[in-house]
Amino acid sequence: MTDTNKQAPSPAAAPAAASPVANPQGRRKGLTLIAAAVAVAAVAWGGWHWMVARNYQTTDNAYVAGNVVQITPQIGGTVISIGADDTDYVKPGQLLVQLDSADALVALSQAESQLAQTVRQVRTLYANNAPLVAQVAQREADLARLQADAARAREDVDRRRPLLATGAVGKEEFDHAQSLARTAGNAASAAEAAVRAAKAQLTAAEAQTKGSSAEEHPSVIAASAKVREAYLALQRTRLVSPVEGYVAKRGVQLGQRVASGAPLMTVVGLHNLWVDANFKESQLAQLRIGQKTELTADVYGDKISYHGTVVGMGAGTGAAFSLLPAQNATGNWIKVVQRVPVRIALAPEDLAQHPLRVGLSMEAKVDVRDQQGEVLATATRNAPVAQTSIYDMALPQAEERIAHIVAGQNVAPLKQLPELPPVAMADAQDRSQGKAPAAVASAPVDAQATQSTQSK
């Protein structure tokens, strides 16, 4: 009996059943095309690496660094005025913090009074030398006169001694002549002792004044030093900015009692920045001082480029200078690629057009085709890294007051803190603008160490 339910396969089903047989050819063709594309891409990448990529070393482990000047008082005191706040722009010599100067004014007045008294005492010493010289001369004249009298008395005795035997001179007269001779001799001896005492007194007085003038006397110099010390303490109640920059991390408050060395705020100079780029140890072989560098900042994106130059390489890895260096002498040691900080100087014109901030992320690409530079610096620095003249006017003002006091002039006690001359302010500003060595700043090594710590 035939199965009437079975149907013959339709013509349309036949090609469908045959398609799996044709797929291997299509797959082989697709795989061939893919392999060809991969090969072409590999060749293109190899060519690009040979022609371009191998000439550059890049890293995105790079951060902007700069001089961060910490404002700390040199003496303790109470804060009575705050002249700048966070984000404020300040110039060299601008007042940042003012401490109470009442105690310093009192100490200065006492030191100046002591100096005036010392000058008078020293001038008295010099004035006493002339009377002592006259006294010595008077004692020597008295000695000469008494010695002459003693000599005459002895001659009288010698003249009467032969006459005593003949009876021409009586015993009583001879004894009287001997008594006069003894008295004259005693007087001459006393006068000689008085001369020695007067000379000793003159020598002692000259020992305190010989070889120097009243202005150069040790007592006057010591008293003048006390005045300088008190004047410097008074000037140090005023904390000024040594650099041009922006205030950050203000922690001081009005009425706060601050101690010497306590951090009050920081001033960041954004006109002199550099980049600490941390390269892998496998990248250092091609890096040299003087190589050109192109950098980009995340804050501006890839459209803005900075030009820089490699100016130095770190003396060790970031891990070597960390607070707790890694101890690898363990059984579960795992090798970690270390990084070495490389300092890159930025072009000033690029910073002027596109300002940066300390701590911003950067991407550095160093052109390593130039291999003529040194791996490590061999030349020593001839100029200071940083310098300021903000504090140079304190002592000249003190010296002016000291000169008036030593000269015997009446100097009125200071009632308030004197202002710095405008010339000093202008000179300090010129130094900060590059007309002279740059203003003082915190050591770049500190900033470098901070960035190295962040990179870890």
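The values are calculated or read from the model by the stated rules, or taken from the named source; none is laboratory data. Just so you know, these numbers come straight off a predicted model, no measurement behind them. When we count neighbours, we look across all protein chains shown, and the Cβ atoms used for this are built from the backbone with ideal geometry, even at glycine.
Listed here are the strands (runs of 3 or more DSSP E) enclosed by the stretch 268-386 that have at least 2 residues being in the same structural domain as E244 (by TED's automatic domain parsing) and free of Cβ contacts under 8 Å to residues at least 24 places away in the same chain: 301-313. When the residues of the stretch 275-301 are narrowed to those that are among the hydroxyl-bearing types (S, T, Y) and modelled with pLDDT of 90 or more, which ends up farthest from V375 (Cα to Cα)? It comes out as Y300.
Is it the case that some residue within the stretch 323-338 is surrounded by 13 or more Cβ atoms within 10 Å (Cβ to Cβ) and β-branched (V, I, T)? No, that holds for no residue.
Within the stretch 100-125, residues that are in contact (Cβ under 8 Å) with a residue 12 or more places away in the chain have Cβ atoms under 6 Å from residues that are of a type in the set (A, V, I, L, M, F, W, C) and not in a helix (DSSP H, G or I) in these pairs: D100/I80; S101/L417; L105/L414; V122/A214; R123/A214, counting only partners at least 6 apart in sequence or on another chain. For R257, the test of being over 30 Å from G359 (Cα atoms), under 22 Å from the mean Cα position of the chain (by Cα), surrounded by fewer than 21 Cβ atoms within 10 Å (Cβ to Cβ) and not β-branched (V, I, T) is failed.
Taking the conditions (1) touching an Asp or Glu at 6+ places or on another chain (Cβ under 7 Å); (2) basic (K, R); (3) closer than 28 Å to P242 by Cβ in turn, K292 satisfies each one other than (3).
Tell me, please, whether a residue that is out of contact with any helix residue (DSSP H, G or I) (no Cβ under 7 Å at 6 or more places or on another chain) and part of a strand (DSSP E or B) can be found in the stretch 188-200. No, the stretch 188-200 contains no residue that is out of contact with any helix residue (DSSP H, G or I) (no Cβ under 7 Å at 6 or more places or on another chain) and part of a strand (DSSP E or B).
So is A84 in contact (Cβ under 8 Å) with a residue 60 or more places away in the chain, in a helix (DSSP H, G or I) and not basic (K, R) or not? Considered against the rule, which asks whether it is in contact (Cβ under 8 Å) with a residue 60 or more places away in the chain, in a helix (DSSP H, G or I) and not basic (K, R), A84 comes out as no.
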